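Structure first, then comments.
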Amino acid sequence: MGAPAPTVVLPSLLGVTVRRAMIVGRISVLVGGGMVAIYSAGFGFGGALFLSIGAVVLPIFAVSGGLGGAMVFTNDRMKGVLEYLVAYGVSPRRILMNAILASLAQATVVLLIGVAAGTTTYLISGNTLTWRFPEVMLLYTFPMSYLTVSLMTTVGVFWTSLSSPRTGMNSPLGVLPLLGVAPTAAVLVLALTFSAYAQQIALAAELVLAVVLVNLLLRTNRLMPTDRMLSSA
Amino acid sequence: MNGEPLGGTPVRDAGTAATLVCRSLDSGYHKTPVLHDISFTVDRPSIYVVLGPNGAGKTTLFRTIAGILRPTSGQVLIDGVPIDQQTSRDRLHYLSHVDGMPDGLTVRESLDFYARVERASSADVDRVLDQLQIREFSKTFISQLSAGQRKRVSIARIFLREREIYLLDEPTANLDPKVAREIRTIILELAKDRIVLYSSHNLFEAREIGRYVITLKGGALTLFDRMENVRSAHFVVGVRTLEPTSALAGWERSGDYYLHEFSGPEEVPALIRDLEARGVKIREVREMENPLEELFT
């Protein structure tokens, strides 16, 4: 065998994956961004409501806008792109991480639209910003959005890998938004029911999602075997 | 079976002295075994045509050699280094029978995408756009190309960077004859100093470009030999004449051809001399059956 092989650093494909997610998932971003703008602007006029229920619901729009990563993965599998990437040495883990980060980039766009629209109408309505605003955003809205989008993309990628290549409503891509919305909906219901513990409920939900996500990511090699990343053609 | 005792002096180029070894290879998908105990060694630049009926395991063999499928047992080695090492992967190009073109990108952007994966430069992209004559499509989205144009772009990718071993899975499928011929010319040029494993369902193409033939059946290697050693049990020659002749009355006919069966091609010159002596004006003499067909039965 001779001397050990020199380390070869493969290029990151993150930039191009984000760009492709924006192209392939542009409808998702447009719909998510449009909806969140209307929703947030409406809640902004409601004053304090924007910082309570409004901020809690924002992750739902992040989910609807953050489907690009999973879409790119599904497309690439069906078109045979993944086959080439694996042949060139790109690992399934890197492919997954790129898909997650691309989805997070889309989700960020949607969230920023929502925050901008809500804050604008909030201020126009004569309200003043307090420390409560960044607190809610940093402790709940953004982390919950990123966790649900990451989890949704991870499940979508694993599910796509383990099932036959297909698109449509009964495909992983068709079901993913429901999966992404479920945690936020659960937190909303629990927080409204036990309003005194709303903050604890939100943080506990984030912790649970983080644990599930990390556990799934640790099983990447088993849930994304390279022989399941081939096109069926 | 082993591909080593092929005879002749190995043709080696200083820059392309790769040796590809498949050793006792078992491979397949998930829990479905496809390849069984495949062993061969390829160590000289040439075109090795991989043939076999549908389901024989050609694509699985290519995917396993390319390191996409992990063998359940056995090894793929390039100069002794396993294919799962990046240094081995970097010595090999794989062209799938699917195009593998990313959605949402133009031709130029798709090639830029692969150039990035391959650590090739923008100048390399420009070069292959001209080499494969696809510059006119460079701003066209992949989804707007015809199947043949997409294939051409897909093939362009393997010229972004030079490698020592090329695995080409049906590279001329779905191409019109003119483009297929151009692609074959490029591949023939490539094979002067590179190892090319080439699968095809077109037996005439296989015979035209292949110097060696590898056949698979039921996931097992059934033949690895020089193309000229592959002979039919029946060697049928067709003779087409310039004008009707009674000298060939009684010969079986197929279209314009008068058919005659021999035990081997070495008898053909004598036939031609005999026919000319009998005043037959010969327009064409050709072998009517492709001996590779028998490898499929």
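The values are calculated or read from the model by the stated rules, or taken from the named source; none is laboratory data. Nothing here was measured: the structure is a model prediction, and the numbers come from that model. Cβ: placed from backbone, ideal geometry, glycine included. Neighbour counts: every protein chain shown.
Let's see how each residue does on (1) buried (at least 24 other Cβ atoms within 10 Å of the Cβ); (2) of a type outside the set (Ser, Thr, Tyr):
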{"residue": "A:14", "(1), (2)": "no, yes"}
{"residue": "A:18", "(1), (2)": "no, yes"}
{"residue": "A:40", "(1), (2)": "yes, no"}
{"residue": "A:49", "(1), (2)": "no, yes"}
{"residue": "A:53", "(1), (2)": "no, yes"}
{"residue": "A:57", "(1), (2)": "no, yes"}
{"residue": "A:69", "(1), (2)": "yes, yes"}
{"residue": "A:80", "(1), (2)": "no, yes"}
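Looking only at segment A:86-96, filter to residues that are buried (at least 22 other Cβ atoms within 10 Å of the Cβ) and under 23 Å from residue A:66 (Cα atoms); which one of those is nearest to the other protein chains (Cβ to nearest Cβ)?
Among those residues, the one meeting the criterion is A:95.
Is it the case that residue B:91 is surrounded by fewer than 22 Cβ atoms within 10 Å (Cβ to Cβ), touching a helix residue (DSSP H, G or I) at 6+ places or on another chain (Cβ under 9 Å), closer than 24 Å to residue B:172 by Cα and basic (Lys, Arg)?
Against the criterion (surrounded by fewer than 22 Cβ atoms within 10 Å (Cβ to Cβ), touching a helix residue (DSSP H, G or I) at 6+ places or on another chain (Cβ under 9 Å), closer than 24 Å to residue B:172 by Cα and basic (Lys, Arg)), residue B:91 does not qualify.
Considering only residues that are modelled with pLDDT under 90 and out of contact with any Lys or Arg (no Cβ under 6 Å at 6 or more places or on another chain), look in segment B:102-111 and name the one that is farthest from the other protein chains (Cβ to nearest Cβ).
B:105
When you go through B:215, B:241 one by one, which is the residue that is over 30 Å from residue B:60 (Cβ atoms), modelled with pLDDT of 85 or more and either aromatic (Phe, Trp, Tyr) or out of contact with any His (no Cβ under 6 Å at 6 or more places or on another chain) (or both)?
B:241
Please work out which residue is surrounded by the fewest Cβ atoms within 10 Å (Cβ to Cβ), limiting yourself to segment B:94-124 and to residues that are free of Cβ contacts under 8 Å to residues at least 40 places away in the same chain and closer than 17 Å to residue A:89 by Cα.
Among them, the one singled out is B:116.
Of the residues that sit in segment B:46-88 and are among the basic types (Lys, Arg) and crowded, with 22+ Cβ neighbours inside 10 Å, which one is nearest to the other protein chains (Cβ to nearest Cβ)?
Looking at the filtered set, the residue picked out is B:63.
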